[in-house]
Amino acid sequence: MCTYSTVKAEIDGSAKGPGSSWFHVTDVTVYFDHPVHAMAEHTLNIDFAAPDRGPSARVALELTADSARALVTAIQDALAAVPAEMAV
Amino acid sequence: MTVSPSGSLTATTVTLTGHGGDEIEAYLARPEGDARRGGVVLIHHLPGYDRPTKEMARRFAEMGYDCVCPNLFHREAPGAAPDDAAAVGRANGGVPDERLIGDAEGAAAYLRALPTSNGKVGVIGHCSGGRQAVLVACNSDVDAAVDCYGAFVTGTVPEGFVLRITNLVDQLPRLGAPLLGLFGGADSHPSPAEVAELERILTELGKDFEFHSYGGAGHGFFAVDRPNYNVPAVQDGWERIEHFFGTHLEG
């Protein structure tokens with residue numbers, strides 16, 4: 001189905017997106033729903049966006065569920081490997 | 001219904017008056033010729049006003065109907081790519097039911113004002129649009145409705161959704177048009193139990209409805225660009241739609 005389940009968060013960072021330009025991203029939307037391009041019926045979708053720059057200021061990811069879990073693990077591992085003196 | 005043997009049609013972008021008097025974009029597909037015919041309001045799914053949905057609009061024109069598909073995300077993202085517009089719409093909480101009804105009514109009025117109109121208008125939607133087709137048929141003047149695997153017509157909506165929806169159980173007594181339902185037997189949203197609940201409620205209410213479930217089909221089996229596309233279900237489903245609209249949208 002179009003799952004309707006949607007999780008939002010405010011973030012602070014940058015993404016490289018349309019036109020190979022970097023832009024400041026302020027919002028992320030995460031949901032499990034039909035992809036536009038990935039070859040799966042449903043995927044874990046992540047939109048990094050800057051709403052004040054308009055709809056096209058978006059970097060979109062569509063990951064299979066296993067890939068999304070692998071990404072979560074990789075992020076957690078990377079954060080866990082940060083030396084204590086660098087942690088913020 | 002007069003269908004052009006050649007399948008000739010025209011398709012273009014138009015502006016129509018939607019909910020609250022807002023001017024919104026819509027995709028219009030029409031058969032060639034000036035024969036009187038019914039109209040179809042096509043409701044796109046939550047992922048947007050996309051190419052596969054517009055292909056369906058052209059198919060309805062090839063079948064002999066004037067078909068219009070309003071861009072439900074036009075307000076949030078005018079001129080944006082459909083996937084970007086859908087992302088904005090989702091992040092903003094989706095399409096409110098009241099606005100959807102107003103936009104569908106505007107689309108129906110647009111169709112009825114065409115010189116080729118016979119006054120009859122049907123509504124069809126897939127996925128989230130399936131639920132919205134039922135919503136429209138409960139609240140607006142349409143002559144037929146088709147729900148293709150719409151979740152949360154019945155069933156319980158989990159709490160905490162960013163997208164603000166309810167099931168439609170309390171609205172079903174107002175269902176004012178014959179309803180064709182096409183479902184995947186292997187779908188979980190709506191599940192076979194939720195479809196059975198809808199069937200039970202409509203039977204108790206004495207409504208005019210016709211349901212078909214396809215055993216091997218999962219969710220979204222009409223989607224031409226996804227792995228769940230199911231040829232037997234799609235072939236039979238289109239035949240059911242053609243017969244259903246042929247019955248209820250004849251002038």
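The values are calculated or read from the model by the stated rules, or taken from the named source; none is laboratory data. Quick caveat: nothing in here was measured; it's all calculated off a predicted structure. Reconstructed Cβ throughout: ideal geometry from the backbone, glycine too, with neighbour counts over all protein chains shown. Just so you know, the surface numbers come from the protein's heavy atoms only, side chains and all, with ligands and any DNA or RNA stripped out. Shrake-Rupley method; radii C 1.70, N 1.55, O 1.52, S 1.80 Å.
Of the heavy-atom accessible surface of chain A (probe 1.4 angstrom), what whole percent is carbon and sulfur?
61
Sum up the charges of everything whose Cβ sits under 11 Å from the Cβ of B:Val142, counting Lys and Arg as +1 and Asp and Glu as -1, but leave B:Val142 out.
Result for the local shell: -1.
Heavy atoms only, probe 1.4 angstrom, no DNA, RNA or ligands counted: give me B:Arg58, B:Arg37 ranked by accessible area, highest first.
Result, largest first: B:Arg58, B:Arg37.
Would you tell me the mean number of C-beta atoms belonging to other protein chains that fall within 10 Å of each C-beta in A:33-42, as a whole number?
On the way: counts 7, 13, 4, 12, 2, 1, 3, 3, 9, 4.
For this peptide, the per-residue mean of nearby foreign Cβ atoms is 6.
In whole percent, how big is the carbon plus sulfur part of the accessible area of chain B, probe 1.4 Å, protein atoms only? All intermediate terms of the calculation are to be shown ahead of the outcome.
On the way: 4660 of 9610 Å².
Heavy-atom surface of chain B belonging to carbon and sulfur, 1.4 Å probe: 48 percent.
With label points built 7 Å along Cα→Cβ from the Cα atoms of B:Thr156 and B:His243, find their separation and express it in nm.
Taking the simple label geometry, B:Thr156 and B:His243 are separated by 3.7 nm.
Could you provide, to the nearest whole Å², the per residue accessible area of the protein assembly as shown with probe 1.4 Å?
44
Which peptide among B:104-117, A:65-78 comes first, and what is the full order, when sorted by highest mean count of other Cβ atoms within 10 Å?
Per-residue Cβ counts within 10 Å, averaged per peptide and sorted highest first, yield B:104-117, A:65-78.
Could you pull the accessible area for A:Ser5 with a 1.4 Å probe, rounded to 10 Å²?
Accessible area, nearest 10 Å²: 40 Å².
State, in square angstrom and to the nearest 100, the accessible area buried between chains A and B, both chains counted, probe radius 1.4 Å. Show your work: numbers first, answer last.
Details: alone 6450 and 10630 Å², together 14950 Å².
For A against B, buried area totals roughly 2100 Å².
Ordered by packing density, taken as the mean number of other Cβ atoms within 10 Å over each peptide's residues, highest first, how do B:236-243, B:126-133 rank?
Top to bottom by mean Cβ count within 10 Å: B:126-133, B:236-243.
Starting at the first residue of segment B:95-108, write each ³J(HN,Hα) from the Karplus equation 6.51 cos²θ - 1.76 cosθ + 1.60 with θ = phi - 60°, in whole Hz, x for Gly and Pro.
Calculated HN-Hα couplings, in order: 9, x, 4, 4, 5, 4, 4, x, 5, 5, 5, x, 5, 5 Hz.
So which residues in segment B:56-87 end up with at least 20 square angstrom less accessible surface once the other protein chains are there, compared with the chain by itself, probe 1.4 angstrom?
In segment B:56-87, residues shielded by partner chains: B:Asp83, B:Asp84, B:Ala87.
How about segment B:185-231: which of its residues lose at least 50 Å² of accessible area in the presence of all protein chains relative to their chain isolated, using a 1.4 Å probe?
By number: B:Arg226, B:Pro227.
At a probe size of 1.4 Å, how large is the accessible area of A:Val59, to the nearest 10 Å²?
30
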